[in-house]
Amino acid sequence: MENNELIKKEKKDDFIDTIEEKEQIQNLEEFMFYKKIPSLLVPPLNFAMVTKGIYRSGFPNKKNFAFLKKLKLKSIMYLSPDEYFEENYQFMKENNIQFFQYKIEGNKEPFKEISFEDMSNALTQVLDTRNLPMLIHCNKGRHRVGCLIGCLRKLQNYSMNSIFDEYIRYAGPKLRISDQEFIEIFPVTIIKLNPKYLPESFLKFGKSHY
């Protein structure tokens, strides 16, 4: 009787060992399978192409780096006074990407507003083929980037309705009337454009500047 019980126990132990081995092998096979799958390309928050060579987004993080590498960026522009993250600096260094930062705080009534000079200087860098492809971002990709893109669209002679529709599409319910007012009154003639390096899609719009 005791021998029968011992045999049953040994068979049960063997069965458990077999299950554990199968699970280990299965886990290893799954691991090796997923290792072969390329990393998922995850764009930053509010990412979009504005025009050829110019992109917009919210603040990119580490999970977005594989996606950004595909864009073959020459530069990144950050519209904020906040410190930039070290891992983002490292990413730019590894990929030979130059960095522009304009310490724009955004339009927040009644005490803060974007200066025309800051916006003009930023647009000068954006509209220079030596800096393209470029990603322009702030923190959420809503207000400061929305203002810059709105001013850029004015240079392209977009209607104000189209400009505001695009602004609202990214700002959503957090839209700011002060941003829309800024875009409306921004004088595009103050932007310093270099015709030699102006992107092709802007050549016909930039003639009045030089």
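The values are calculated or read from the model by the stated rules, or taken from the named source; none is laboratory data. These numbers were taken from a predicted model, which means no experiment stands behind them. Glycine gets a Cβ as well: all are built from the backbone with ideal geometry, and neighbour counts include every protein chain shown. Note: accessible area is taken over every heavy atom of the protein model, side chains too, but ligands, DNA and RNA are not part of it. Shrake-Rupley method; radii C 1.70, N 1.55, O 1.52, S 1.80 Å.
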Exercise. For region 62-210, report the accessible area per residue in Å² (1.4 Å probe, heavy atoms, rounded to an integer).
Key: 54 Å²
Quiz item: Of the cross-linked pairs K72/K192; K154/K192; K74/K196; K74/K154, which ones have a Cα-Cα span greater than 21 Å in the structure shown?
Solution: K72/K192; K74/K154
Practice problem: May I ask you to order 124-130, 88-94, 76-82 by the average number of other C-beta atoms within 10 Å around their residues, highest value first? | Solution: 76-82, 124-130, 88-94
Self-check item: Rg/Rh for region 54-118, where both radii come from Cα atoms and Rh is the Kirkwood radius
Solution: 1.03
Quiz item: So how exposed is L203, as accessible area in Å² (1.4 Å probe, rounded to 10)?
Solution: 70 Å²
Quiz item: So, with a 1.4 angstrom probe, what is the percent of accessible area on region 34-189 that is carbon and sulfur?
Solution: 51 percent
